[in-house]
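For reference, the structure is listed below as structure tokens.
The values are calculated or read from the model by the stated rules, or taken from the named source; none is laboratory data. Values in this document were obtained by computation on a predicted structure and should not be read as measured data. Please note: Cβ atoms are built from the backbone with ideal geometry, for glycine as well, and neighbour counts cover all protein chains shown.
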Amino acid sequence: MAFQKNVNIEMGFGVPGDIHTDGPTRTESLVVNSEGAQLNLVGRAFTKDTSKNVAKVGGAIESGRVFAGILVNSKAYALTGLSGNPLEPTLAVADNAQADFLTMGDVVVQVSTACKIGDLVAYDTTTGELSTVAVGGSASDGKALIPNATVYRFPVTSESGGLTVIRLTN
């Protein structure tokens, strides 16, 4: 066995969708149904239909659709795997499952961009994938800003993104 030669400075601190701090938190339990178009991944952004109160991944905030929250509590859902392997470990929640969506609090998420504390948080309106925008910036095409969401802890230096903590104050 070889001796360890590298010491990692940054330690893992959570799984996407984990509530990060013990402070004021608001979640709502909703049925999630993206109709198979996209995986319902924990840690992604969702919107909900105002007439049916059903959440789907991504979606534009517009008349008839409002921000549902970030899908949280990965350890609370039954593992259904993926289509080819029902035992495959995944953060995907099955369609028509009851799920928790955070609209206020601090949550661990995966972002696809580098970020600094205080940056604004945006999501892809198709996949719900999170990214960040510098303060004063705007979301690019196919993305929308999450209302009252900022990067709270753990800046990400890699241009390809990584884990961080965001704070929502809705």
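List of remarks:
- Failed criterion for SER140 (all others in (1) at pLDDT 95 or above; (2) over 22 Å from PHE13 (Cα atoms) hold): (1)
- Options VAL72, VAL109, VAL57, VAL66; residue that is closer than 24 Å to GLU159 by Cβ and either in contact with a Ser or Thr (Cβ under 8 Å, 6 or more places away or on another chain) or among the aromatic types (Phe, Trp, Tyr) (or both): VAL109
- Boolean, THR90 is surrounded by 10 or more Cβ atoms within 10 Å (Cβ to Cβ), more than 18 Å from the chain's Cα centre (by Cα) and either basic (Lys, Arg) or not in a helix (DSSP H, G or I) (or both): no
- The number of residues in the stretch 20-53 being of a type in the set (A, V, I, L, M), part of a strand (DSSP E or B) and either without any contact (Cβ under 8 Å) to a residue 24 or more places away in the chain or surrounded by 18 or more Cβ atoms within 10 Å (Cβ to Cβ) (or both) comes to 4.
- Search result, residues across the stretch 18-36 that are farther than 11 Å from ALA55 by Cα and either touching a Phe, Trp or Tyr at 6+ places or on another chain (Cβ under 6 Å) or not basic (Lys, Arg) (or both): ASP18, ILE19, HIS20, THR21, ASP22, GLY23, PRO24, THR25, THR27, GLY36
- Within the stretch 54-63, the only residue that satisfies the criterion of being surrounded by fewer than 14 Cβ atoms within 10 Å (Cβ to Cβ) and either within 23 Å of GLN110 (Cβ to Cβ) or among the hydrophobic types (A, V, I, L, M, F, W, C) (or both) is ALA60.
- Selection count, the stretch 119-160, where residues are within 14 Å of the chain's Cα centre (by Cα) and assigned to a loop (DSSP other than H, G, I, E, B): 5
- Scanning the stretch 150-170 for residues that are aliphatic (A, V, I, L, M) and either over 14 Å from GLU129 (Cα atoms) or surrounded by fewer than 18 Cβ atoms within 10 Å (Cβ to Cβ) (or both) yields VAL151, VAL156, VAL165, LEU168.
- Scan of the stretch 115-147 for residues that are touching a residue at least 40 places away in the same chain (Cβ under 8 Å) and either under 17 Å from GLY69 (Cβ atoms) or not hydroxyl-bearing (Ser, Thr, Tyr) (or both), ordered by number: CYS115, VAL121, TYR123, ASP124, THR125, THR127, GLY128, GLU129, LEU130, ALA144, ILE146, PRO147
- Scanning the stretch 69-99 for residues being at pLDDT below 85 and within 24 Å of ASN53 (Cβ to Cβ) gives a total of 1.
- Scan of the stretch 82-113 for residues that are among the aliphatic types (A, V, I, L, M) and either touching a Gly at 6+ places or on another chain (Cβ under 7 Å) or under 19 Å from ILE19 (Cα atoms) (or both), ordered by number: LEU87, LEU91, ALA92, VAL93, ALA99, LEU102, MET104, VAL107, VAL108, VAL109, VAL111
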